[in-house]
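Written out below as structure tokens is the structure these notes cover.
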Ligand code: TEU
């Protein structure tokens, strides 16, 4: 059964979820203590960002031992307890596999840098002369000189994250063994970090020059020449022997290409995490903004839904550990914070996708407000700050950009209650808490009627009871409306109309063809009693409504 199509996924960033020891860092026992909360929310799968040994140059996305739990997070016994507690509640567990690169402290890299002839010599990409001037994802060069081996090695991300050489069959076998190690323990799938970057073009051709002075190497490693061969082999050697979900994080590329990967089971992937809808408010790069356009947003959603369906299936997210919080990004904060969070929830949970909820989204958490660079932890943001200042930029402006666009916004500690430390830690949190934790936290949301959390719970259970919202046919209405996102979900037994006001003004929405026989189901603003007529009354700012049609 393709359970991942019916289910709802919840992403946990372990470092920021719940600290059980008081050292300011979240851990596995902390997550175990909140398994009942996950059950209460009603989700079906948990994806944990990396929990393996790591020196944390990139918060665990630099793994130094794939078979060991990061000691700060706990040990293997904790892992087993967590998995059992989740499984007992019918919640599946998905681990984050980072196999495009390792940590520079991984023993393979340590051996590889020592010797240009030994068994680990070709585990990474080594070159005597620097082959090109590609820019890394975190800014700066992708090739660094290693003093020990006296050669350059490739790292698409941080210099402490050397890229594995997938051309080498021994590398591939080692990775497959790691995957089996975890699957044999009983995990239910993987989220495969930057999986479409594995194959690099032969000779590492130079890319086009960018304004930063570096070049764009992406044509030579995004969906590279051997990617599908590697995925097929991975499927053959590992995946096809397990009942599991394979979620690929993919950068760049077109939905048509990905359809061939996910619709063909031999090619290994089930769900994708792409960046198209979260790139719409960016111009040259993530630090240069562009106004959000609902029409483009709807077009991107429609394009992916139409292209992957019916053979494939979409995942959809508004937040994760690499993205700022969604409320102010796609809607509005301040007095509209709760309403916006619910409106976005309505969209997420009524599209024909596997919805991904990121920790804290279900209580409407918001971005941080950085006032000094010493508060910023993320390597990408810190690199940006340094180069911005070097180029004569204003530090205040850099901090404002980091506070709206940086990755730490999504990584601030989970807000459990209004006590000091927000119930996340009894010590000092590794990253600062959001100032609003006394108003925005799980305990209060549980008690308050009509809270964002209650709304999430209601919608989750409503979705589960109404298969039309999962598999039903999707059809947009008024696709070029700049303020309203409206669509029909037509199932075997029921048809729904979802109308979302993405603007801060009152909006009239009429669908002449269909507005008959509509029954009001729910709204984030209006109650049923107020919805007298059988016409659709105007929508309040950021209102979301669901109707059922007879
Ligand atoms: O993200 C891939 C990725 O491309 C992001 O780093 C992206 O470039 C950046 O967030 C844009 O702001 C994955 C992980 O999700 C991320 O946390 C890791 O840093 C990265 O891979 C390297 O493993």
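Of note:
- Shape summary: the stretch 270-385 maps onto an equivalent ellipsoid whose semi-axes, from the alpha-carbon gyration tensor, are 26, 18, 14 Å in decreasing order.
- Panel values: the stretch 410-527, Kirkwood radius from alpha carbon pairs, Stokes-Einstein at 10 °C and 1.306 mPa s, translational diffusion coefficient 91 µm²/s.
- Going from the residue with the fewest nearby Cβ atoms within 10 Å to the one with the most, 81, 142 rank 81, 142.
- Among 343, 83, 414, sorting on how many other beta-carbon atoms sit within 10 Å of each Cβ, with the fewest leading, yields 83, 414, 343.
- The eigenvalues of the Cα gyration tensor, multiplied by 5 and square-rooted, give the chain an equivalent ellipsoid with semi-axes of 39, 26, 25 Å from largest to smallest.
- Kirkwood Rh, angstrom, the stretch 466-549 [1 / mean 1/r, Cα pairs]: 13.0 Å
- Over the stretch 86-172, all Cα pairs binned in 10 Å intervals from 0 give whole-percent P(r) values of 17, 45, 21, 9, 6, 1, listed from short to long.
- Note on residue 237 and residue 454: the extension gain reaches 73.8 nm, defined as 0.36 nm multiplied by sequence separation minus the Cα-Cα distance.
- Here the ratio of the Cα radius of gyration of the stretch 149-272 to 2.2 N^0.38 Å is 1.13.
- By other beta-carbon atoms within 10 Å, ranking 272, 431 with the fewest at the front produces 431, 272.
- Take every DSSP beta bridge whose two residues both sit in the chain; close to 60 percent of them are antiparallel.
FYI, it's all coordinate maths here, none of it is from the lab. All values derive from a computational prediction rather than experimental measurement. Quick reminder, even Gly has a Cβ in these numbers, built from the backbone with ideal geometry, and neighbours come from all protein chains shown.
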